[in-house]
Amino acid sequence: MKRQIEQDIGAFIVDYIDSVHTLEVLLMLHRDPSRVWTTDTIHEHVQSSPSAVKASLLSLMNANLARQPSSDRDGFMFHAPSVLLDERVRALATLYENRRTLVIEYIYSRPTKTKAES
């Protein structure tokens, strides 16, 4: 039987993840939350264009899942405003590691519900 995405993880994806690229940037920031990542370093790790990296970072900052430390204008760090969101990112990271295709399919076929509609 094909395992489905748990409801809380699915809701997190719908509310916060707009693309696989954004997910990969989020998970990279989350792996080392005390590290300050530059757009160039992120670009090298996820192997995408600098403009795509900037768009994903902007999306994550708008979702309050990334922040810029005041000491570094080109630096970005993971930021979860609550323990619950941190737990959701951790669960999503584990699911993505173990069931990458399932998560990718969900991102591209997810419902269109938004936070404002909930």
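Working only within the range 14-59, note down all residues that are of a type outside the set (Gly, Ala, Ser), closer than 20 Å to Arg73 by Cα and open to solvent by 50 Å² or more (accessible area, probe 1.4 Å).
Across the range 14-59, the qualifying residues are Asp32, Pro33, Arg35, Val36, Asp40, His43, Glu44, His45, Pro50, Lys54, Leu58.
Kindly provide the set of residues from the range 10-33 that are touching a Leu at 6+ places or on another chain (Cβ under 9 Å) and part of a helix (DSSP H, G or I), ordered by number.
Once the filter is applied, which keeps residues that are touching a Leu at 6+ places or on another chain (Cβ under 9 Å) and part of a helix (DSSP H, G or I), the range 10-33 yields Phe12, Ile13, Tyr16, Thr22, Leu23, Val25, Leu26, Leu27, Leu29, His30.
Could you please find all residues in the range 51-77 being part of a helix (DSSP H, G or I) and not basic (Lys, Arg)?
The answer is Ser51, Ala52, Val53, Ala55, Ser56, Leu57, Leu58, Ser59, Leu60, Met61, Asn62.
The values are calculated or read from the model by the stated rules, or taken from the named source; none is laboratory data. All values derive from a computational prediction rather than experimental measurement. No Cβ is skipped: glycine too gets one built from the backbone with ideal geometry, and neighbour counts run over all protein chains shown. Note: areas computed on protein heavy atoms with side chains; ligands, DNA, RNA excluded. Shrake-Rupley method; radii C 1.70, N 1.55, O 1.52, S 1.80 Å.
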